[in-house]
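Participant: Submitted below is the structure of interest, expressed as structure tokens.
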Amino acid sequence: MERSLIILKPDAVQRGLVGTIVGRLEQRGLKIIGMKLVHMDEALARKHYAEHEGKPFFPGLVSYITSGPVVVMAIAGDNIIEMIRTTVGATNPAKAAPGTIRGDYAVTIGRNLIHASDKPESGEREVQNFFDAHELLENFNRDTDRWIFEQ
Ligand code: IDP
Ligand code: MG
């Protein structure tokens, strides 16, 4: 079982795209186990994006991600990391395929709407950066699961 951290970035909130983007993930059949509105401070932004520290775009990235509220979600399931990245599309929306979230709703890399964890280890670390254990509802059952997964 993998866990992925999704962030609907400040542009998604400001543009009123939260419902649309959550809907795409939800309708695919992905299981959301945690979700909340957060205004990230600089320390949390730097921690979340630590791998990019020192790159030319890092200061702009920190100011973008802290510029307003974001929606953070945790999604759980088998092999979901790659599946979600494919649904999200390429980092640069100019190169993202139509049908992906970035390919359908974004045009530039510095305003690409959504974050999704890139590997299982990152998913674990990132989910724990944003959620306390009691905020993650891992054990509830969805009645629709038998229509989404072969039993
Ligand atoms: P990802 O979000 O697809 O995983 P990363 O390479 O991990 O892409 O980069 C993290 C975020 O940093 C991107 O989503 C984007 O917001 C921003 N970013 C990456 N490269 C650039 C760039 O060249 N210019 C401006 N922002 C960038
Ligand atoms: Mg990344």
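The values are calculated or read from the model by the stated rules, or taken from the named source; none is laboratory data. Fair warning: this is a prediction, and the values are worked out from it, not measured in the lab. All Cβ positions, glycine included, derive from the backbone under ideal geometry; neighbour counts span all protein chains shown. Accessible surface is based on the protein model in full, side chains and every heavy atom, while ligands, DNA and RNA are left aside. Shrake-Rupley method; radii C 1.70, N 1.55, O 1.52, S 1.80 Å.
Participant: Here's a check for you: in the stretch 46-71, which residue that is farther than 22 Å from Leu17 by Cα and in contact (Cβ under 8 Å) with a residue 60 or more places away in the chain is nearest to ligand 1 (Cβ to nearest atom)?
Facilitator: This residue is His48.
Participant: Also, I was wondering about something else. Pairs needed: first member in the stretch 13-38, more than 9 Å from Val71 (Cβ to Cβ); second member anywhere, among the hydroxyl-bearing types (Ser, Thr, Tyr) and exposed (fewer than 13 other Cβ atoms within 10 Å of the Cβ); C-beta distance under 6 Å; at least 6 residues apart or different chains.
Facilitator: So the pair list comes out empty.
Participant: Does Arg102 meet the test of being touching a Gly at 6+ places or on another chain (Cβ under 9 Å) and either under 22 Å from Phe58 (Cβ atoms) or open to solvent by 80 Å² or more (accessible area, probe 1.4 Å) (or both)? Walk me through it before giving the result.
Facilitator: Details: touching a Gly at 6+ places or on another chain (Cβ under 9 Å): yes; either under 22 Å from Phe58 (Cβ atoms) or open to solvent by 80 Å² or more (accessible area, probe 1.4 Å) (or both): yes.
The answer is yes for Arg102.
Participant: Kindly provide the set of residues from the stretch 89-99 that are buried (at least 20 other Cβ atoms within 10 Å of the Cβ) and out of contact with any Lys or Arg (no Cβ under 6 Å at 6 or more places or on another chain), ordered by number. Spell out the reasoning first.
Facilitator: Taking the stretch 89-99 and keeping what is buried (at least 20 other Cβ atoms within 10 Å of the Cβ), we get 89, 93, 96.
Those that are buried (at least 20 other Cβ atoms within 10 Å of the Cβ) and out of contact with any Lys or Arg (no Cβ under 6 Å at 6 or more places or on another chain): none in the stretch 89-99.
Participant: For the stretch 64-151, which fully contained helices (runs of 4 or more DSSP H) count at least 2 residues that are within 18 Å of Lys36 (Cβ to Cβ)?
Facilitator: Details: elements: 80-88, 101-105, 120-130, 145-148.
Answer list for the stretch 64-151: 120-130.
Participant: Now for a different question. Scan the stretch 116-146 for residues that are under 12 Å from the mean Cα position of the chain (by Cα) and either away from ligand 1 (no atom under 13 Å from the Cβ) or buried (at least 20 other Cβ atoms within 10 Å of the Cβ) (or both) and report the count.
Facilitator: Selection size over the stretch 116-146: 6.
Participant: Which ones in the stretch 88-100 are more than 8 Å from ligand 1 (Cβ to nearest atom) and either modelled with pLDDT under 95 or under 22 Å from Glu51 (Cβ atoms) (or both)? Outline the logic, then answer.
Facilitator: Just the residues of the stretch 88-100 that are more than 8 Å from ligand 1 (Cβ to nearest atom), to begin with: 89, 93-100.
The answer is Gly89, Pro93, Lys95, Ala96.
Participant: For the subset of the stretch 1-47 comprising residues that are assigned to a loop (DSSP other than H, G, I, E, B) and either open to solvent by 30 Å² or more (accessible area, probe 1.4 Å) or of a type in the set (D, E, K, R) (or both), which member is farthest from Gly99 (Cα to Cα)? Working first, answer last.
Facilitator: First pass over the stretch 1-47, keeping only residues assigned to a loop (DSSP other than H, G, I, E, B): 1, 9, 15-17, 29-30, 39-41.
Among the residues that remain, those that are also either open to solvent by 30 Å² or more (accessible area, probe 1.4 Å) or of a type in the set (D, E, K, R) (or both) are: 1, 9, 15-16, 39, 41.
Details: Met1: 26, Lys9: 19, Arg15: 19, Gly16: 19, His39: 29, Asp41: 32 Å.
Residue satisfying both the conditions and the ranking: Asp41.
Participant: Separate question: Working carefully through the options Glu82, Glu51, find the one that is exposed (fewer than 15 other Cβ atoms within 10 Å of the Cβ), under 15 Å from the mean Cα position of the chain (by Cα), charged (D, E, K, R) and at pLDDT 95 or above. Before the answer, list the steps.
Facilitator: On the way: Glu51 fails: under 15 Å from the mean Cα position of the chain (by Cα).
Answer to the check: Glu82.
Participant: Which of the residues that make up the stretch 73-94 are away from ligand 2 (no atom under 15 Å from the Cβ) and either in contact with a His (Cβ under 6 Å, 6 or more places away or on another chain) or of a type in the set (A, V, I, L, M) (or both)?
Facilitator: Met73, Ala74, Ile75, Ala76, Ile80, Met83, Ala94, listed by residue number.
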